[in-house]
1. Take residue 211 and decide whether it is part of a strand (DSSP E or B), over 24 Å from residue 170 (Cα atoms) and in contact with a Ser or Thr (Cβ under 6 Å, 6 or more places away or on another chain).
2. For the stretch 202-221, give me each residue that is of a type outside the set (Val, Ile, Thr), touching a residue at least 24 places away in the same chain (Cβ under 8 Å) and farther than 22 Å from residue 372 by Cα.
3. Tally the residues that are out of contact with any Asp or Glu (no Cβ under 8 Å at 6 or more places or on another chain), polar (S, T, N, Q) and farther than 24 Å from residue 296 by Cβ, restricting the search to the stretch 196-245.
4. Are any residues in the stretch 347-369 farther than 16 Å from residue 8 by Cβ and touching a Pro at 6+ places or on another chain (Cβ under 9 Å), and if so, which ones?
5. What do you reckon, is residue 70 under 30 Å from residue 308 (Cβ atoms), at pLDDT 95 or above and of a type outside the set (Gly, Ala, Ser)?
6. Looking only at the stretch 78-120, count every residue that is under 28 Å from the mean Cα position of the chain (by Cα), in a loop (DSSP other than H, G, I, E, B) and among the aliphatic types (A, V, I, L, M) and tell me the total.
Amino acid sequence: MLYSKLFSKTAKTAPSDADSINARLLIRAGFIHKQMAGVYAFLPLGLMVLNKIQDVIREEMEKLGALEILMPALTQEESWEKSGRGKLDILYHLQGREGAKFVLNPTHEEVITPLAAQYVASYRDLPFAAFQFQDKFRDEPRAKSGLLRTREFIMKDLYSFHADKKDLIKYYNKVMRAYSRIFQRLGIGKQTILTLASGGSFSKYSHEFQTISEVGEDTIYLCEKCREGINQEVIIELNVCQRCGNQNLRPEKAVEVGNIFMLGSKFSRAFGLTYKTPEGKDELVEMGCYGIGPSRVMGVIVEMCHDEKGIIWPQAASPFGAHLLAIGREKNIYKEAEKVYRQLSEKGIDVLYDDRTEASSGEKFADADLIGIPLRIVISEKTLAKKSAEIKKRNSSKAVLLPLAKITEISDLK
């Protein structure tokens, strides 16, 4: 990608209503644009990050044996009435022709359950799991904190279907481990805590993945020995660590980045999702639900990975593997930088090449720090005099020279 071809531009200041670090930095760096409160457009760089996050999640879902589908964002209102959730105050209700009533889905249990009922007949059809990435809509009373609380957002939801509770629990634990791997790969694993929470109307308890952050709206109680937590909503009844019995739990602000629920048979009963046992008896299917918000994860990564100059993307979430800067006005600098750009691209290394001739060196360095790609490559008269390129990691103040003849070995420096 040539920087000069990006229609989005960086800005020196953030909008006055940007109320969080992720909102300020992502808008200034040209990753997102605020359409209105709680609604954002993802610009080229932002969509690249979102896709990288989704790729990591998709890989882990496929390892679980789940198949990807895509369900509609629009559902008939009667499905929500059937599940008993038609009066939720976060629902967006729409009316179509001839009085038809619809809901913009904030979640997809009301879609996936009757869909599964079309294909599940026997115990031989179980277990199975399906996931999707889909826009969700929630009429939040107060959208805030950039991508952390929005009215339209991307959600990965996984649903699993089982013949009995034992098989559901087994799969639930597999998903729990997969979620831990996802957050580790995306660079926020150390700050993200497995947290016991309320199961709502589905079960007594559920589990959340909470990233410790001052911008968080939730309060969790952390066991420093086990690095597990308990959500404030259940700390009254569970006031000790459930793994080791530690009573000295420390309160922390946190952002929920994922959750997993044992739905049991709540939705199966509502939509008549049953299967025939080997004995020919009809039984309700046991269900599990597992969510991660890729767009919220993107905001959380920025909250956790930044400095006073800008974003510091973890490698797995970065829009590009390297940021190439041509510093100076001389034509030979750009000629050599273009050669490096081609060599790296042919090697399969994604590069953002700042090819602007009118921008000063200060502007290019400032933009590189703001955008936050993990590896920076500088071509200048000074480096060319040594037949080298300057290589610097975004999270380090130390720069090294790499001979141009070995520039494709840059991947070894990551």
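The values are calculated or read from the model by the stated rules, or taken from the named source; none is laboratory data. Predicted model, so just to flag it, every value in this text is computed and none were measured. When we count neighbours, we look across all protein chains shown, and the Cβ atoms used for this are built from the backbone with ideal geometry, even at glycine.
1. yes
2. 202, 203, 205, 206, 207, 208, 209, 210, 216, 217, 218, 221
3. Result for the stretch 196-245: 1.
4. Passing the criteria: only 350.
5. no
6. Number satisfying all stated conditions: 3.
This table checks each residue for (1) outside any strand (DSSP E or B); (2) among the aliphatic types (A, V, I, L, M); (3) in contact with a His (Cβ under 9 Å, 6 or more places away or on another chain); (4) on the phi < 0 side of the Ramachandran plot.
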| residue | (1), (2), (3), (4) |
| --- | --- |
| 188 | yes, yes, no, yes |
| 202 | yes, no, no, yes |
| 207 | no, no, no, yes |
| 226 | yes, no, no, yes |
| 230 | no, yes, no, yes |
| 236 | yes, yes, no, yes |
| 247 | yes, no, no, yes |
| 259 | no, no, yes, yes |
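Residue-wise test of (1) assigned to a helix (DSSP H, G or I); (2) at pLDDT 95 or above.
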| position | (1), (2) |
| --- | --- |
| 342 | yes, yes |
| 349 | no, no |
| 358 | no, no |
| 368 | yes, yes |
| 373 | no, yes |
| 378 | no, yes |
| 386 | no, yes |
| 390 | no, yes |
| 397 | no, no |
